[in-house]
Amino acid sequence: MTKKAIYLLIYLALLQISSAQKLSPALLNPKLANFPYSSLIDFNYLLDPPAGKYGFLKIKEGHFYWENGKRAKFWGINLSSLSLNIEKEKIDYITNVFAASGINLVRLEAIDNYNCLISEGENSKNFNPEYLDKLDYWIYKLKEKGIYIYLDLLDFRTFKEADGVINAKNLGRAAKPYAVFNPKLTLYPFKIN
């Protein structure tokens, strides 16, 4: 039997499995979907929803542990701030894909970017209510699946003079490295319009 014949038999077998289980053809060919499932195996069983039910994370002897003493391990990905502002139906689908992949940690990166969490305007204190609604929904759906969140809140924010920050125009993005040493900049208040 040639390699082509073997591959054809495997493909036909998988096609039969997918039709019997009503799986999407995109499962067999990830190029057919924007957010394909990463495996034929569903790794949801590795998650222990909802995220956060074991309390705060601690470090003991170089390892992560929950407050109840259970060992914590993470397998995660990064989501760009520009990828978060999508329809809630897509968020539902993508969080299902993440859970099926066994991901249990998502870093929501650079959400303080303009035209993302921070509204355009004379200062950098105002949240964009539509983006905040989507961000809140992401967090809700991820937590529901047992996926933890790492929020990156001081990455792109550019302070402005109207914020009351001295010499704001010369600080640069996220006021780095000054914000690391200045709690006023790190904890600088936001408000929701």
Mean-position separation - Cα centroids, region 70-134 and region 156-178, in angstrom
24
Amide proton proximity set for PHE64, modelled H, under 5 Å, gap of 5+:
ALA72
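Rounded to a whole number of µm²/s, how large is the Stokes-Einstein D of region 76-169 at 37 °C and 0.692 mPa s, given Rh as the Kirkwood radius over C-alpha pairs? Each step should come with its number before you reach the end.
On the way: Rh = 14.0 Å.
Translational diffusion coefficient: 234 µm²/s.
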A chain fully extended from ILE139 to ASP155 at 0.36 nm per residue, minus the present Cα-Cα distance, gains in nm 3.9 nm
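Only the coordinates and a few stated rules stand behind these numbers; no lab work does. Keep in mind that what you see is a predicted model, and the values were worked out from it rather than measured.
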